[in-house]
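Below is one structure, written out as structure tokens; comments come after it.
The values are calculated or read from the model by the stated rules, or taken from the named source; none is laboratory data. As the structure is a computational prediction, the values presented were derived from the model and not from experiment. All Cβ positions, glycine included, derive from the backbone under ideal geometry; neighbour counts span all protein chains shown. When the accessible area is computed, the model is the full protein with side chains, heavy atoms only, and any ligands, DNA or RNA have been set aside. Shrake-Rupley method; radii C 1.70, N 1.55, O 1.52, S 1.80 Å.
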Amino acid sequence: MTTPILVADQLAVRFETAEGPVKAVDDVSFSVRQGEFLSIIGPSGCGKSTVFNVIGGLLAQHDGTVRVGGELIDGPHKSIGMVFQEESTFPWRNVVDNVAFPLELTGMARDKRVERARHFIRMVGLDGFEKRYPGELSGGMRQRVSLARTLASEPKILLMDEPFAALDEQTRLLLGDKVLQIQQQLQQTTLLITHNITEAVQMSDRILVMTYRPGRVKRIVEIDLPRPRTSDIVGSEAFGRYVAQVWSDLREEASRGLKDEEEHMLHEAQP
Amino acid sequence: MNAAARHAVSRFAPVATGVACVVLFFCVMEAVIRAGILSEYIVPPPTQVLAAFGEVVTQEHIVRRFFLTIGECLMTGVMITVFGVAGGVLLHRYKLLQQATETWVAALAAAPVVLAYPLFMVIFGRNAWTIIMMGFVAALPPVILKTIEGLAGTRKVLVNVGRSFNLSASQQFWKIMLPAALPTIFTGIRLGLIFGLINVVGVEFLINYGGLGQLINDLAERYDLPGTYAAICFVILVSVVFFMTLEKIERWLRPVN
């Protein structure tokens, strides 16, 4: 078995709220192998994005450790490239300058970085849009610009937090294809945070199912579907079985989440 | 009507309506004055004002005065940009300072600073610096306030993108926060320049020194009413052109939303 490139060990995060401390994540441990596609799935409020922030080094106050290639990390790390859920392109830069941003930080000459940026723009299928500004692009295209910008920094691990959450289902499936294609082309180790079961099954080698608050590891499901994959796989019988399996794990947690939310609203509505 | 014609009508109709309203207003004024409802010794008829325009332009050195006033405004603009943006950045950086002074800065924006002109004359003398400094003080608050607003309004996800790329605090400011805040900061500078122009012309009038404001004062003291109103109309035209130019620059600076 390949050595893990990323190891998260006993992660725990507690937030202080007006109603007292809330344990968002508790005892979350997992590892990701080189070139593997791992998805973390869970109901709303289970702490998925908190795990994303801890691994990306954006949340300093946590228990447990994160190691990349054996190195303990305690902040943003050059080996980890992040793609965010919210639209995160720079509106004042055109596509090529957005994608070249991490290369600019390394001091690379303009000609060279533009050429490099064009390579990643082609990879995400946006050639011809290099001079456009984000305001002239659709939501899906903007997310592809963000993805290309992160890939341009050539991270060892691609960390994505529900990057297609704001897109419609068809665009989401097609962009899933694009991500799969890139992941397979670059043998890119990828960690995807999502609440979408079909997206997780379509792309992943393994799926980590989290419990509702506090977020713990409920189960890790191996997805043994052939690669290379495309969105065509969603019609297969095996795909359906995996979706059902993940949903059976997730259903109980999602119901707990829903109930908890209803109780909270009732409590708030009381005089 | 085809689509192109409809587009042309929808594009030019508001401008044409605006011009028609102004022309109508002048026609009504002309009629009211000619009918003796308004005394023409207090308000000259628009046709007389129009006729005085040529005289004002040729005999009163209006071009030189125009450039003098614009020069004072540009100097004010440079100063409010440098000190206003720097002040806004400073207040945004040090929250205690912001909490302590923001209300005062906002109050200053609403204060009739022009009344303090005697003090400025004592400090700077009866020269262009009094005018520039009065414009500067009046125009500074919107730049400071809009700089704070722009920096505070930088979307968290953009800051997080910067953090994920391990940017230093200085890189975070120059490469993310400042460019993200620029459209809002420019709105502040535009507002500031408008306040500045009003105050520059106003103080020129009050201290009877400099460009267009002094011209209005001179003509009023000579009781040349058509000339006075022609000069006032010229200042209004300058303001409109000034405002439209700033809007164009703002649009040019803000590529695509």
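Some notes on this structure:
- Cα long-axis angle, helix A:110-123 against chain A (0 to 90 degrees, to the nearest 10): 60
- List A:207, B:37, ordered by accessible area with a 1.4 Å probe, largest first: B:37, A:207
- 10 Å Cβ neighbours from other chains, averaged over peptide A:82-89: 4
- Chain B: Cα Rg divided by the 2.2 N^0.38 Å rule of thumb: 1.26
- Solvent accessible area, Å² - residue B:124, 1.4 Å probe, full protein context: 70
- Relative contact order, percent, region A:29-143 [alpha-carbon distance under 8 Å, six or more residues apart]: 20
- By the rule of a C-alpha distance below 17 Å, with chain neighbours fewer than 8 residues away ignored, the lysines paired with residue B:146 are B:95.
- Gyration tensor verdict on region B:11-114 (Cα atoms; rounded if a/c is under 1.5, prolate if a/b is larger than b/c, oblate otherwise): prolate
- With every protein chain in place, region A:2-130: carbon and sulfur % of accessible area (1.4 Å): 46
- When the charge dipole of region B:107-257 is built from unit charges on Cβ atoms (+1 for Lys and Arg, -1 for Asp and Glu) and taken about the Cα centre, the candidate among B:164, B:134, B:187 whose Cα reaches farthest toward its positive end is B:164.
- Region A:1-144: C-alpha gyration tensor shape, a/c 1.5 cut-off, then a/b vs b/c: prolate
- Take the accessible area of A alone and of B alone, subtract that of the pair with a 1.4 Å probe, and the total buried over both chains is about 1800 Å².
- Most simply put, the protein assembly as shown has about 55% antiparallel DSSP beta bridges, counting only bridges with both residues inside it.
- Counting DSSP beta bridges with both ends in chain A, the antiparallel % (nearest 5): 55
- Modelled label reach - residue B:237, point 7 Å along Cα→Cβ, region B:27-41 residues with backbone N closer than 20 Å: B:27-30
- Dimensions of chain A from C-alpha coordinates, computed as largest minus smallest value along each principal axis and given longest first, are 60, 45, 45 Å.
- With contacts taken as Cα pairs under 8 Å at a separation of at least 6 residues, chain A carries a relative contact order of 24 percent.
- Calculated mean residue ellipticity at 222 nm for the protein assembly as shown: -19000 deg cm²/dmol, from DSSP H runs with n ≥ 4 weighted as -39500 (n - 2.57), summed, divided by the residue count and rounded to 500.
- Shielding of A:104-113 by partner chains, average beta-carbon count, 10 Å: 1
- For the pair region B:1-69 and region A:236-271, the centres of their Cα atoms are 69 angstrom apart.
- Coupling constants for region B:72-80 follow from the phi torsions by the Karplus curve (6.51 cos²θ - 1.76 cosθ + 1.60, θ = phi - 60°), and in residue order they are 5, 5, 5, 4, 4, x, 4, 5, 5 Hz; glycine and proline get x.
- Amide H contacts of residue A:29: A:10, A:11, A:217, each under 5 Å away and 5 or more positions distant or on a separate chain (H built 1.01 Å from N in the peptide plane; Pro and chain starts excluded).
- Folded to 0 to 90 degrees: helix B:128-152 orientation relative to chain B principal axis, Cα: 40
- Helix B:3-34 vs. chain B, principal-axis angle (Cα, 0 to 90°, nearest 10): 50
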